[in-house]
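K.L.:
Dropping the structure in here first, questions after.
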Amino acid sequence: EPIINETYIQTGNANLVFKHFPIRGFDSMGASLAAQCINDQGQSKFWKFHNLLYHNQGVIDSGWVSKENLKNFASQISLLDMDKFVECLDSEKYKEYVQNDLELAKKFKFTESPSFIILNNDGTDPEYLSGAHPFPSFASIIDKKLERLNK
């Protein structure tokens, strides 16, 4: 993600739309809900939280994503309003939102997390990558689409 972000997103050549796909056990939904609550306070905070979870993830269904742990991770995000975050998390404010993302993933028959759809800016010519892939896999598809766009 950081290389894609630097190479394509920050240069204005592509956009990234993140959708939650909580399929890795019961811990996944809590992580998605917490991340969306963090996003209320800024996209940069969302990505910091996303990276914290990714780098500290435990074994699937081990309970590592307890509300207590999520709050602890959130407390590591500078300038985060913890009261607002805790209220959002405890109320499960984004449960329907995350559920809609999950339904969208099912519609595309995704079975792995992460999964990606790379398409033209007008929504045509989708190409799919399922599972983790190295940067060259993304670059090959994105560069081909950009080349066609610039003809």
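The values are calculated or read from the model by the stated rules, or taken from the named source; none is laboratory data. Quick caveat: nothing in here was measured; it's all calculated off a predicted structure. Here the Cβ positions follow ideal geometry from the backbone for every residue, glycine too, while neighbour counts run over all protein chains shown. The accessibility values were calculated without ligands, DNA or RNA, using every heavy atom of the protein model including side chains. Shrake-Rupley method; radii C 1.70, N 1.55, O 1.52, S 1.80 Å.
K.L.:
Among the numbered conditions (1) open to solvent by 40 Å² or more (accessible area, probe 1.4 Å); (2) part of a helix (DSSP H, G or I); (3) among the acidic types (Asp, Glu), tell me where GLU112 comes up short.
P.N.:
Condition not satisfied by GLU112: (2).
K.L.:
Would a scan of region 24-34 turn up a residue that is surrounded by fewer than 16 Cβ atoms within 10 Å (Cβ to Cβ), under 25 Å from PHE135 (Cα atoms) and among the basic types (Lys, Arg)?
P.N.:
Within region 24-34, one or more residues are surrounded by fewer than 16 Cβ atoms within 10 Å (Cβ to Cβ), under 25 Å from PHE135 (Cα atoms) and among the basic types (Lys, Arg).
K.L.:
Which of the residues that make up region 42-90 are within 14 Å of MET29 (Cβ to Cβ) and of a type in the set (A, V, I, L, M, F, W, C)?
P.N.:
LEU53, ILE60, TRP64, VAL65, LEU70, LEU89
K.L.:
Any idea how many residues of region 87-108 are open to solvent by 40 Å² or more (accessible area, probe 1.4 Å), among the hydrophobic types (A, V, I, L, M, F, W, C) and part of a helix (DSSP H, G or I)?
P.N.:
Final tally of qualifying residues: 1.
K.L.:
Are any residues in region 115-129 touching a residue at least 12 places away in the same chain (Cβ under 8 Å) and open to solvent by less than 50 Å² (accessible area, probe 1.4 Å), and if so, which ones?
P.N.:
SER115, ILE118, ASN120, GLU127, LEU129
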